[in-house]
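A quick write-up on the structure given underneath.
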Amino acid sequence: MDFVREHTTNRPCVPLCSLCSLWLKLLAPSRKIGVEAELAWQGWTSFRRPSPSTLVTLQPPRRRSRISRVRALVLILVLLPALPAPADVIHLKNGRTIWADQVRESKNKNEDRVEYDLGDNTYAIPKSSVDHIDVGGAAPVHAASGASAPDITPPATSFDHEADIAQKVIRDGKVDTDALASLGQTANPERAATAYFLAGKHESDRGNFQQAKRYYESALHFQPDNSTLLIYYAATLMRTGQAAEALSHAQHAVVIAPDSPDAIAMLGFVQFASDHTPDAIRSWKKSLALRPDATVSQYLARAERESSAESDFSQRESSHFNLHFEGKDTSETFRRDLLATLDSEYDDLVRDLGYSPRNNIAVTLYTQQAFFDVTRAPSWTGAINDGKLRIPVSGVSSVTPELTRVLKHELTHSFVSQMSSNRCPTWLNEGIAQIEEGKSSASNGHQLAQLFAAGNEIPFNLLEGSFMSFSAPEATVAYAESLAAAEYLRDAYGMSEITSILERLSQGSSTETALRATVHSDYRQLRDEMARKLKERYGE
C-alpha cells in the first residue's frame, strides 16, 4: 500500500501507518491494554525467548559476469514494495507463525531446538513448541535490502569486462577503495565507470545508499550518458529522500534510451514520488506498451484511482508541504490552519530529530469514501503515510487536538523514513512516532511490566516487519511495546542516540548491529533492560 515500503525488517521501510489510527482508538490515554490483550498473548507462554542473537557470516555474493545480467529494475527494489520472496514458515502449536529466511534444526544434539535466520541474525525456539514447518513459501511483504524486484530486461549496457573488474574492486565482501581509486585514474573511462558502478551496486545491495550514491556519481563522471547508470542513480536518490533531484536524471535516461521500458518505468516512479501523478500515469502506460509488467500495472492502477478521486482537487503550497483538497469539502480557514499546524509540527520535528526532509511532502485531504477508494485501506484506518500523507476529513471542520496528534504521528514517519533510508524497523518507527505525538506508557505501564515479567511480550525480531497482519489485541500490544522501547532508549540514552541508530540503519546496518554500535545492546539485552525498568517504574 505504500510507495517505497510498508514497514521494515532491518532493511528498506516506508512509514505506512494504517494501523496508527487503530492504535489511537485502542490505546488512547484513558485506555489500558487490559485483559483482552493479555489473553491474546497467552499463546506466547510456550514460546521461550530465543537464545542470544549471533551474527551469521555471509558468503560474498556471487559475482555477475556482465552488467547486462543485472536487472536494471533491481534498483527499483529500493523503491517498491517487495514481491513475495521465498521463505520458510514455522507453525507454532499456539497458532502463531514465524516467517524466516531459513529454518533448520540445531546442530547441537544436546539442544532440542529449531533455529531460524532473519536477516543477519539467528534465533532459536524449543522444538516442542513447533507444530510443523513449511519450506519455500511466500513471505509476507517486509522491507528488505536485496528484496525481490520485477524481472524487467535492462537497457542495453555499454559496459564490458565486469567480471575481471569486479574481482579487483570487491574483495572479501567489501569495496577495495585503493583498487577503485587506481581504476579511476586509468585513461579508460569505461573501465572506471564500470568499477564505480559495481562499487555502488555492492553498497546498494547492502543498504548503504548514501555511499552507493557517491559511487554512482563518480561513475557518471566518467560516463554521464549511460542510461543504466542514470537509472540506478535516480533510484538511489529516491531511496535517500531526493525524488525531486532524481527527476532530471530519470528524464535524461529516457532521452538516451527512449525505447527502454525500464528507463520509462523508472521515470514514472520518480514522477509519482515527486507528486506528478498524471505524468507518472503517462510514463507507466508507455512502459507497459513496450513490455507488460505486473508491478508497473499495480502502480498504474493505484495512480489512476488517485487521479480519478482527485480530478477536481485544488492545491496549496507552504514552505514544506503540497496540500491537495476538494474545495467544496474543506473551508479556506480549515486548510490554512491545517497547513499552519503541519508547518509548526515540521519545525518541532526538525528540532527534536536534527533533520529536515529534502523535498516538500504531499498531503491530500479526502472525503471518507474517496480515502478508502484510493488507499484500499482497512475500514478502521484513520490516516495513511505511504510517502504521501493521506487524511480523511469528512465531518472535520477545524484542526482538533486529535487531528493534530494524527498529523504529528504521520509526519514523524516521513522524517524517520528519510533519516533511515526506509530501513527503520516498525517497532522503532512506531515508537518514535508515538513519542512525538505526545503519547506515554504511563497509563499502560503496569500491564506492560506484567507482560514482560511473564515473558509474554512479542519478541523484537517479530516487530521489525509490518503490523498489518496482527489482530486488534495483538496490534495493541505491538504498539505498546514499540512506545515503551522508544521511551526507554530516549530516557536512558537520549534522542541523539536514537537518531544515531537511524543514521546507522541508513548506512546498511541491521537493527541489532545499529543498537550494539550506539547503546551497546542487542535485542536480548534491550528486552531485559526494558523489563527491569518497567518493573522499577510500574511494579509487577
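The values are calculated or read from the model by the stated rules, or taken from the named source; none is laboratory data. Bear in mind that the values here come from a model prediction, so they are computed numbers and not experimental data. We place every Cβ from the backbone using ideal geometry, glycine too, and count neighbours over all the protein chains shown. The protein model used for the area step is the full one, side chains on, heavy atoms only, and it has no ligands, DNA or RNA in it. Shrake-Rupley method; radii C 1.70, N 1.55, O 1.52, S 1.80 Å.
A few points about this structure:
- Separation of alpha-carbon centers, the stretch 306-348 and the stretch 448-479, rounded to whole Å: 35 Å
- Unsatisfied cross-links (Cα-Cα over 21 Å) in the set LYS213/LYS388; LYS439/LYS533; LYS174/LYS213; LYS328/LYS408; LYS168/LYS201: LYS213/LYS388; LYS328/LYS408
- Geometric descriptor of the stretch 416-540, per residue, is 97 Å³ (volume of the convex hull of the Cα atoms).
- Working from the Cα coordinates of the stretch 333-390, the gyration tensor eigenvalues give, after taking √(5λ), semi-axes of 25, 14, 10 Å in decreasing order.
- Calculated log₁₀ intensity ratio I(q)/I(0) where the Debye formula runs over C-alpha points of the stretch 272-357, q = 0.11, 0.16, 0.24 Å⁻¹: -0.46, -0.79, -1.09
- For the listed peptides 334-345, 441-452, 396-407, a ranking on the average number of other beta carbons within 10 Å per residue, highest first, reads 441-452, 334-345, 396-407.
- ARG390, ARG527, ranked by accessible area, largest first (probe 1.4 Å): ARG527, ARG390
- Centre separation in Å (Cα based) which lies between the stretch 268-295 and the stretch 180-255: 22 Å
- Bridges between two residues of the stretch 249-378, per DSSP, are antiparallel at a rate of about 50%.
- Taking 1.567 mPa s as the viscosity and 4 °C as the temperature, the Stokes-Einstein diffusion coefficient of the stretch 202-353 based on its alpha-carbon Kirkwood radius rounds to 75 µm²/s.
- Taking the square roots of five times each eigenvalue of the Cα gyration tensor of the stretch 333-437, the equivalent ellipsoid has semi-axes of 22, 17, 12 Å, listed largest first.
- FRET efficiency, 1/(1 + (r/R0)^6) with R0 25 Å, evaluated for ASP205 and ASP172 via beta carbons: 0.95
- Modelled label positions at ASP337 and ASP134, each set 7 Å beyond Cα in the direction of Cβ, lie 5.0 nm from each other.
- Each Lys or Arg adds one and each Asp or Glu subtracts one; over the other residues with Cβ under 10 Å from the Cβ of ARG316, this totals 0.
- Computed over protein heavy atoms with a 1.4 Å probe, the accessible surface of the stretch 177-223 works out to 39 Å² per residue.
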